[in-house]
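For reference, the structure discussed in these notes is given below.
The values are calculated or read from the model by the stated rules, or taken from the named source; none is laboratory data. What you see is a predicted model; the values in this text were computed from it and never measured. Backbone-built Cβ (ideal geometry, glycine too); neighbour counts: all protein chains shown. The area values use the complete protein model at the heavy-atom level, side chains included, leaving out ligands, DNA and RNA. Shrake-Rupley method; radii C 1.70, N 1.55, O 1.52, S 1.80 Å.
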Amino acid sequence: SLWATDYRYLNDYSELKILHEYMLGRLERLPYDPHIKTEVKHILSVFLPEVIGSIANNPLDPKIFVTSFCRCGDLLSQWRGYGLDGGYAIGFDYQALDAMRTDEYNKRGFFMSLFDFVVYNDKPIPKSFENTIDNLINMLGDFFNKPQPQREEALKLYIENLPLLKHKGFFEEQEYRLVFATKSAQVSDIKFRYRRGVAVLYIALFGDEQVPLPIREIVVGPSQDAELRENAIQ
């Protein structure tokens with residue numbers, strides 16, 4: 001199985017603020033009515049942070065779980081950051097893993113799921129991402145007067161993009177993210193692991209032992225006993 005970590009326990013907690021700041025910037029550059037801008041600013045600054053901040057407490061709010069991948073399978077900074085004793089990097093077949101993601105989403109009734117590349121702020125933002133955010137801003141206009149299904153669709157779109165924008169300092173990682181979100185009340189299989197004395201929440205994905213993970217390669221990390229490590233893996 002793969003582990004997907006509760007979004008609040010990732011290494012860069014500032015991620016929770018980056019999309020908020022980016023959307024405020026886009027809002028200022030778009031020709032909206034001042035009343036709509038004021039309302040959307042309130043939603044971005046008060047309502048949505050309350051939703052995200054209460055993820056762990058409100059059974060109706062979504063919980064977000066993330067598994068991170070690097071598009072470069074042999075990157076020195078990654079070995080230094082995550083392979084303290086050399087370690088190994090496991091490479092997966094993207095298309096096969098994405099197909100498994102779809103099956104997992106349908107089988108376990110998740111609120112949302114995606115497998116996509118991360119966008120870094122202060123870097124050229126893909127036009128597709130800009131268009132998605134502009135569409136989200138439109139959906140937030142006159143938000144509280146819209147029918148419940150439309151409000152839920154806007155919230156879902158916000159959650160889909162929340163884990164996909166990171167600080168430019170992490171650009172070298174060229175990260176892909178596997179993301180699942182579910183309503184808190186639906187999560188019955190949360191697990192815990194300990195990292196530096198903190199109990200980190202996660203869920204296990206693809207636990208069907210009859211369906212092997214689509215592993216394409218295993219890269220042995222830099223170390224003095226790399227040959228022994230390679231023999232052990234073989």
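Gyration tensor analysis over the Cα atoms of the chain returns equivalent ellipsoid semi-axes of 35, 21, 16 Å (largest first, whole Å). In this structure, the residue pairs whose Cα-Cα separation is over 27 Å, taken from K107/K156; K146/K191; K63/K166; K41/K156; K63/K168; K17/K37, are K146/K191. Taking the 1.4 Å solvent-accessible surface of the chain as the whole, the part contributed by carbon and sulfur is 52%. Of the DSSP H helices in the chain, not one has a Cα length along its own long axis of 24 Å or more together with a mean Kyte-Doolittle hydropathy reaching 1.0. With 0.36 nm allotted per residue and the present C-alpha distance subtracted, the E172-D74 stretch has 34.1 nm of extension available. Highest mean first, the peptides 193-204, 136-147 sorted by other C-beta atoms within 10 Å per residue fall in the order 136-147, 193-204. Which whole-number percent gives the relative contact order of the chain, counting Cα pairs below 8 Å spaced six or more residues apart? Relative contact order, the chain: 39 percent.
Might you tell me the accessible area per residue for segment 122-234, computed with a 1.4 Å probe and given in Å²? Provide the component values of the computation, followed by the final result.
Working: 6690 Å² over 113 residues.
On a per-residue basis, segment 122-234 sits at 59 Å².
Listed values for segment 173-180 are Karplus-derived 3J(HN,Hα) couplings in whole Hz (6.51 cos²θ - 1.76 cosθ + 1.60, θ = phi - 60°), namely 5, 6, 7, 10, 10, 9, 10, 10, and x replaces Gly and Pro.
So what is the 222 nm mean residue ellipticity for the chain from helices alone, if each DSSP H run of at least 4 adds -39500 (n - 2.57) and you divide by all residues, rounding to the nearest 500 deg cm²/dmol? Write down the numbers at each step before the final one.
Details: 8 runs with 88 residues, N = 234.
Calculated mean residue ellipticity at 222 nm is -11500 deg cm²/dmol.
So what's segment 123-234 giving for Cα Rg divided by 2.2 N^0.38 Å, two decimals?
My calculation over the Cα atoms of segment 123-234 gives 1.56.
Each Lys or Arg adds one and each Asp or Glu subtracts one; over the other residues with Cβ under 14 Å from the Cβ of A226, this totals -4. Taking the Cα centre of the chain as reference, the dipole from Cβ charges on Lys and Arg (+1) and Asp and Glu (-1) amounts to some 540 debye.
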